[in-house]
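Below is one structure, written out as structure tokens; comments come after it.
The values are calculated or read from the model by the stated rules, or taken from the named source; none is laboratory data. Remember, predicted model here, so these are calculated numbers, not experimental data. Virtual Cβ from ideal backbone geometry, glycine too; neighbours counted across all protein chains shown. The protein model used for the area step is the full one, side chains on, heavy atoms only, and it has no ligands, DNA or RNA in it. Shrake-Rupley method; radii C 1.70, N 1.55, O 1.52, S 1.80 Å.
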Amino acid sequence: MQFQQLQYFVAVAETRHFTRAADLVHVAQPSLSQQIKALERELGADLFQRARGNITLTDAGEALLPLARRILADADTARHEVQELVQLRSGRVRLGATPSLCTGLLPDVLRAFHDRYPGIRLLVEEGGSHDLVRELARGALDLALVVLPLPTPSPALTTVELLREDLVVVSSPEAPAPGRGGRDVRVADLEGERLVMFRHGYDLRELTVAACRSAGFEPDFAVEGGEMDAVLGFVRAGLGLAVVPRMVATRSGQGLRVTALARPGLHRTIALAHRSDVAPPRAARELQRMLLER
């Protein structure tokens, strides 16, 4: 009994027609008929009752059909499992993340992933949440780390909350401490301070500006338009203060004074997003697991 014969048998059983079955499995009808006859000789029983325009299963065919379907399903499962294992030895993961997460969260997780799956290429795209959502939607990314709430909620995306991160104020140690020079500072204490501000479209820019306006003032920018590394560099140079994630400040704290924000403080929620209509590749799902378990 050959695997191919079982495929042909199930095709005929489901279509009740030899020619349509042959089209379904992409084989010439005479070849399909020969293989069915060979299977019947192997089993010692007719599987179909053949009458003009009418193909029905015999008792032997009825008995074989669920077994054949199970064998074919098991074969598909085996093929799928092997392919997934192969995907973890080679292939790629396309991950989007905001620049601050590339600086703070990702290095340790990606190192652990690379150590476990050295054959997987990691392609990382930096961008704001709005840009990353667009790239996910068009299929250019497998996963993305975004800031909630999304600028434009999309039912086509599935998001899983990953962490809630505090924001802190960073300044140059050579400059006066922000606010009253205490262990923490209120958002209102930033009024009159010169801020180093991220470019437009940067999640931290919108969050900081909104917090200042809620406190009753418009922020004063010393310099604006940079990405995370540039902003930290400008702060170290004494150009002004910046509001950044605590994880970034901890990792990049050399040459920076880090001041906590007084309660209730400022926070941001990070989520892992992927398309709802397409399951991420096996390697991407493994990276997703490692991020959620970090």
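Number of residues in the range 46-66 that are open to solvent by 70 Å² or more (accessible area, probe 1.4 Å) and in contact with a strand residue (DSSP E or B) (Cβ under 9 Å, 6 or more places away or on another chain) equals 2. Among the residues making up the range 270-294, those that are open to solvent by 70 Å² or more (accessible area, probe 1.4 Å) and more than 9 Å from the chain's Cα centre (by Cα) are Asp277, Val278, Ala279, Arg289, Leu292, Glu293, Arg294. Can we say Ser31 is within 30 Å of Arg285 (Cα to Cα) and open to solvent by 40 Å² or more (accessible area, probe 1.4 Å)? No: the conditions fail for Ser31. Taking the criterion of being among the small types (Gly, Ala, Ser) and either without any contact (Cβ under 8 Å) to a residue 24 or more places away in the chain or in contact with a Lys or Arg (Cβ under 6 Å, 6 or more places away or on another chain) (or both), the only residue of the range 258-276 that qualifies is Ala262. Scanning the range 14-36 for residues that are closer than 19 Å to Met1 by Cα and in a loop (DSSP other than H, G, I, E, B) turns up Val25, Val27. Listed here are the helices (runs of 4 or more DSSP H) enclosed by the range 37-131 that have at least 3 residues being modelled with pLDDT of 85 or more: 59-87, 106-116.
I'd like to check which helices (runs of 4 or more DSSP H) are fully inside the range 221-294 and have at least 3 residues that are more than 21 Å from Val109 (Cβ to Cβ).
Those helices (runs of 4 or more DSSP H) span 228-236.
Filtering the range 188-213 to residues that are touching a residue at least 40 places away in the same chain (Cβ under 8 Å), more than 24 Å from Ser129 (Cβ to Cβ) and of a type in the set (Asp, Glu) leaves only Glu193. When the strands (runs of 3 or more DSSP E) confined to the range 134-213 are screened for residues that are open to solvent by 50 Å² or more (accessible area, probe 1.4 Å), modelled with pLDDT of 90 or more and over 20 Å from Leu239 (Cα atoms), those reaching at least 1 such residues are found at 157-171.
Give me the residue from the range 227-259 that is among the small types (Gly, Ala, Ser) and over 28 Å from Thr159 (Cβ atoms) and, out of that set, modelled with the lowest pLDDT. Of everything passing the filter in the range 227-259, Gly253 is modelled with the lowest pLDDT. Of the residues Arg20, Arg69, Arg41, the single one that is in contact (Cβ under 8 Å) with a residue 24 or more places away in the chain, among the charged types (D, E, K, R) and open to solvent by 90 Å² or more (accessible area, probe 1.4 Å) is Arg69.
Looking across the range 6-45, the residues that are among the small types (Gly, Ala, Ser) and either closer than 17 Å to Gly61 by Cβ or in contact with a strand residue (DSSP E or B) (Cβ under 8 Å, 6 or more places away or on another chain) (or both) come down to Ala11, Ala13, Ala21, Ser33, Ala38, Gly44, Ala45. Residues in the range 244-267 that are in contact with a helix residue (DSSP H, G or I) (Cβ under 6 Å, 6 or more places away or on another chain) and either among the basic types (Lys, Arg) or open to solvent by less than 10 Å² (accessible area, probe 1.4 Å) (or both): 3 in all. Considering the range 91-131, the residues that are in contact with an Asp or Glu (Cβ under 6 Å, 6 or more places away or on another chain) and farther than 24 Å from Phe198 by Cα include one that is least open to solvent (accessible area, probe 1.4 Å), namely Val93.
Val86 meets each of the listed conditions (1) farther than 18 Å from Phe9 by Cβ; (2) touching a Leu at 6+ places or on another chain (Cβ under 7 Å); (3) among the aliphatic types (A, V, I, L, M) apart from (2).
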